[in-house]
Amino acid sequence: MPLPPLPDDAVVLGATASSWREALQLAGGALVASGASTEPYTQAMIDLVDEHGPYIVISPGLAFAHARPGPAVLRDGLSVVTLASPVVFGHPHNDPVRVVLGLAVAGVGTHLESIGEIANLFNDATVTGRLAAATTADEVRGIMGVPA
């Protein structure tokens, strides 16, 4: 399954966040703005980090926020937030974070497939730095290979 489209509303570049919670609120807010989810999904992403720690910081400089499919997900969606100043999530090796991805998936079966697609994309160690330096939503889409 390819990654969901990435509309302009789901891309926030050069954002300011003073904490990992604020960074996740930005990623969740972009999912809400794009029509992929509702506010409770953003809180669910934050709650998972509160419960399990910074497991979403999957590689140096990159956090991949997501929660389980449920009624707060309106449709599959992806968001990308780049931070003007990196934020510490508390990960022992991959902090600080400059890029936060948000993923909302409506179906349980496609949830794991989408996570796998994200993992494949970031097998290229240059992707996080290129996203952090992107200046337009079109550039972000080009790097990630997703449509608007």
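Assorted remarks:
- Percent antiparallel among DSSP beta bridges (both partners in segment 42-128, rounded to 5): 65 percent
- Annotation: average projected area of segment 58-129 is 5.1 square nanometres, based on the convex hull of Cα atoms across all directions.
- Value in Å of the Kirkwood radius, where the chain supplies the Cα pairs that are averaged: 14.7 Å
- For the chain, the antiparallel share of DSSP beta bridges with both residues in that region comes to about 55%.
- Accessible surface computed residue by residue for the chain, with neighbouring protein chains in place and a 1.4 Å probe, gives 44 Å² per residue.
- With the simple spin-label model, which puts each label point 7 Å out from Cα in the Cβ direction, the THR135 to GLU51 separation comes to 4.2 nm.
- Magnitude of the charge dipole, the chain, Cβ model with Lys/Arg +1 and Asp/Glu -1, debye to 20: 100 debye
- With every protein chain in place, the chain: carbon and sulfur % of accessible area (1.4 Å): 57 percent
- Taking label positions 7 Å along the Cα-Cβ direction at both VAL127 and LEU74, the computed distance is 2.7 nm, reported to one decimal.
The values are calculated or read from the model by the stated rules, or taken from the named source; none is laboratory data. What you see is a predicted model; the values in this text were computed from it and never measured. FYI the Cβ positions are ideal-geometry reconstructions off the backbone, even for glycines, and counts take in every protein chain you see. Note: accessible area is taken over every heavy atom of the protein model, side chains too, but ligands, DNA and RNA are not part of it. Shrake-Rupley method; radii C 1.70, N 1.55, O 1.52, S 1.80 Å.
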